[in-house]
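The values are calculated or read from the model by the stated rules, or taken from the named source; none is laboratory data. None of these values were measured; they are calculated from a predicted model. Cβ placement follows ideal geometry from the backbone for every residue including glycine, while neighbour counts extend to all protein chains displayed.
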């Protein structure tokens, strides 16, 4: 299951969050996925059906990925697609400033808040 693999990769790379928030798509409601989250003591929250506002930011990321990367290339292989999409996500998160984040990158906005988040807990 790809969602479980991605989840476990994220946990290994970034540690365990307090909560995982997903939509109600089948990959997130599957027993394997919910078990992978809950067995680690992580909370699981699923957005309500039709709750478009909950997903508006990630939908914007996917739109950018599709229109700025995927639709512009004819990948010759899955490995090539992975490489180019990985490069795009690195640009998006680490190098491209976002006006909605006071011209910071998502990484700058997120990782600078971690000490405050940890000390508030």
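Things worth noting here:
- Test: residue 110 is part of a helix (DSSP H, G or I), within 17 Å of the chain's Cα centre (by Cα), surrounded by 13 or more Cβ atoms within 10 Å (Cβ to Cβ) and at pLDDT 95 or above: no
- In the set (1) under 20 Å from residue 58 (Cα atoms); (2) assigned to a helix (DSSP H, G or I); (3) over 15 Å from the mean Cα position of the chain (by Cα), the condition left unmet by residue 3 is number (3).
- Restricting attention to the range 17-46, the residues that are assigned to a loop (DSSP other than H, G, I, E, B) and under 14 Å from the mean Cα position of the chain (by Cα) add up to 2.
- Members of the range 81-95 found to be closer than 19 Å to residue 110 by Cα and in contact with a helix residue (DSSP H, G or I) (Cβ under 8 Å, 6 or more places away or on another chain), listed by number: 88, 89, 92, 93, 94
- Count of residues meeting criterion [surrounded by 12 or more Cβ atoms within 10 Å (Cβ to Cβ) and either part of a helix (DSSP H, G or I) or touching a residue at least 40 places away in the same chain (Cβ under 8 Å) (or both)] in the range 63-82: 6
So that you can scan it fast, the table gives a plain yes or no per residue for (1) touching a helix residue (DSSP H, G or I) at 6+ places or on another chain (Cβ under 7 Å); (2) under 18 Å from residue 2 (Cα atoms); (3) at pLDDT below 90:
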residue	(1), (2), (3)
12	no, yes, no
21	no, yes, yes
32	yes, yes, no
57	no, no, yes
